[in-house]
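Q: Here it is, the structure, as C-alpha cells.
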C-alpha cells in the first residue's frame, strides 16, 4: 500500500483539490433549486444506460445511446440559468471592493419598509451589489435621485404609476423605478407567494443582488438572496440581516456602516 504513495506527486494533490473545489461549487450553485431533481434524473438515465449495456438489452441500449449522444446540448438548455449564474460568479473579480453601507441610507430603507407594511402597501426594493443589473432595468424609469424615505414611499403609493415595479438602488442612490424583474421558474416555490416575491427570487437566482419585499396581503417583510427568501419579524431583525450582508471592516468602529458604493 505504501508503495503506491511513492508515485504520488504534489500535482496529483493539487489536481484532487481543484476537482473537489469545482464539485463543491457546482453543488452550492444548484442546491435548493429545481436543478437538483434534473441532475438526479440524468444520473438515473446514465445508470439505466450502463445496465442496458451489461445486460445486452439492444433496443433499450439503442434508445439510450441516441438520447445520451445529445446530452451536452440537453444540459446546456436545461441548466442555462445555472450556467449563466456560475459563469457570472467565476468572472467576478476577487479584487472588487465589498459593498458597504451608511447608517442614514439603511435607516431610510428600513423605515420605508415598515411604514408601507403597516399600511398594507406592497413594495419591491433591489439593492445592486457587484453584478451589474443593466440587463434588468431597461423597462424602468431613470431617476438618479437621493435615497429618502419620502421618495420611496411616494413611488410605492397605489396612486403612483411606478408602484407595481421595482426600485433599483445603486451607489447609494435611487437609480431606477418601475423596473420589471424576471420571474422565477422554480415550480417548488410556495404557492402563497405572489408576483413580487417570485420576481425577487427570479432576480436573485441570476445575480448577487439583495431584494427587499413588502407583501400587501400579509404585511410581511422579506429579504431575498441567492434565490432564498427569509421573512423578517421586526426592525432589529432586518437591521441585523442587512448588517451581516453589507457591513465590513472593524466591528469595533464607531461608524460600522461607512461608504456604500461611493454613496455619501
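The values are calculated or read from the model by the stated rules, or taken from the named source; none is laboratory data. Nothing here was measured: the structure is a model prediction, and the numbers come from that model. Neighbour counts run over all protein chains shown; Cβ positions are idealised from the backbone, glycine included.
Q: Just to be sure, is residue 13 surrounded by 12 or more Cβ atoms within 10 Å (Cβ to Cβ) and modelled with pLDDT of 80 or more?
A: No: the conditions fail for residue 13.
Q: Moving on to the next point. For region 219-228, give me each residue that is over 10 Å from the mean Cα position of the chain (by Cα) and in contact (Cβ under 8 Å) with a residue 24 or more places away in the chain.
A: Listed by number, the residues that qualify are 219, 220, 221, 222.
Q: Also, I was wondering about something else. Does residue 163 fit the bill of being within 23 Å of residue 141 (Cα to Cα), more than 19 Å from the chain's Cα centre (by Cα), in a strand (DSSP E or B) and at pLDDT 85 or above?
A: No, not satisfied.
Q: A further question on this structure: Please specify each residue of region 132-158 satisfying the condition of being surrounded by fewer than 17 Cβ atoms within 10 Å (Cβ to Cβ), at pLDDT below 90 and in a loop (DSSP other than H, G, I, E, B).
A: 132, 138, 139
Q: For region 159-175, which positions are free of Cβ contacts under 8 Å to residues at least 24 places away in the same chain and surrounded by 18 or more Cβ atoms within 10 Å (Cβ to Cβ)?
A: 162
Q: Among the residues in region 112-134, are any closer than 16 Å to residue 209 by Cβ and free of Cβ contacts under 8 Å to residues at least 24 places away in the same chain?
A: Yes, region 112-134 contains a residue that is closer than 16 Å to residue 209 by Cβ and free of Cβ contacts under 8 Å to residues at least 24 places away in the same chain.
Q: Return only the number of the condition from (1) closer than 16 Å to residue 224 by Cα; (2) touching a residue at least 24 places away in the same chain (Cβ under 8 Å); (3) assigned to a loop (DSSP other than H, G, I, E, B) that residue 201 does not satisfy.
A: Looking at each condition in turn, residue 201 falls short on (3).
Q: Right, residue 250: at pLDDT below 90 and loosely packed, with under 14 Cβ neighbours inside 10 Å or not?
A: yes
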